[in-house]
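Just below is one structure, and these are the notes that go with it.
Values quoted throughout were computed directly from the atomic coordinates according to the rules given, and no laboratory measurement underlies them. All of these numbers come straight from a predicted model, not from anything done at the bench. Note that each Cβ is placed from the backbone with ideal geometry, even for glycine, and that neighbours are counted across all protein chains shown.
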Amino acid sequence: VNPTVETTYTVVGTTGDCQNTDSVTVFLIGSEVVANAGEDQTICNGSETILTATGGAAYVWNTGATTASITVNPTNTTTYTVTAFDPSGTVSDSDDVTVTVNELPIVDAGTDVTITEGESTTLTANGADSYLWNTG
């Protein structure tokens with residue numbers, strides 16, 4: 001092969017009725033590195049998200065992680081920086097991605113109510129923009 005850009009090649013090996021697949025990436029030394037940390041994301045507090053970098057042969061995140069993908073669960077809006085490197089480790093580029101953390105609403109379903117069979121009552125919730133009741 002003689003690629004002009006970073007290229008991943010896949011091979012399927014067969015023995016009898018069994019198959020397996022593997023891949024190899026050919027990186028170009030001296031090729032331009034353009035780090036991409038992905039699109040900014042919004043999550044709810046207590047949730048996690050996966051950030052995936054592209055554009056390099058190796059990566060270092062400001063969290064200390066050295067993988068292309070990292071799982072984060074910030075409690076506040078946080079900006080993450082990834083530095084992407086070429087295979088020789090000499091050419092690099094950086095990019096940022098911001099994870100915005102929205103607070104969970106404090107939902108109040110009201111006080112418990114006692115009614116006689118056959119009567120009805122109105123349930124009123126507070127604390128959020130919209131509500132979905134489970135009414136059985």
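Which of 131, 34, 5 sits closest to the plus end of the dipole of the chain, meaning its Cα is farthest towards the positive end, when Lys and Arg get +1 and Asp and Glu get -1 on the C-beta? Working it through, the farthest residue towards the positive pole turns out to be 5.
Divide the volume of the convex hull around the Cα atoms of the chain by the residue count and you get 207 Å³ per residue.
What you get for segment 30-102, charging only the Cβ of Lys and Arg (+1) and of Asp and Glu (-1), is a dipole of about 200 debye around the Cα centre.
Here r is the Cβ-Cβ distance between residue 71 and residue 5 and R0 is 25 Å; the resulting FRET efficiency, rounded to 0.05, is 0.30. Think of each Lys and Arg Cβ as +1 and each Asp and Glu Cβ as -1; about the Cα centre, that makes the dipole of the chain roughly 380 debye. For the chain, a Gaussian network of Cα nodes joined below 10 Å ranks 113, 33, 24 by mean-square fluctuation, and the top entry is 113. Every Cα-Cα pair of segment 30-102 was included, and the share exceeding 15 Å stands at 49 percent.
Within segment 82-107, whose backbone N sits under 16 Å from a point 7 Å along Cα→Cβ of residue 36? Within reach of a label on residue 36, which here means backbone N under 16 Å from a point 7 Å along Cα→Cβ, segment 82-107 contributes 82-85, 93-98.
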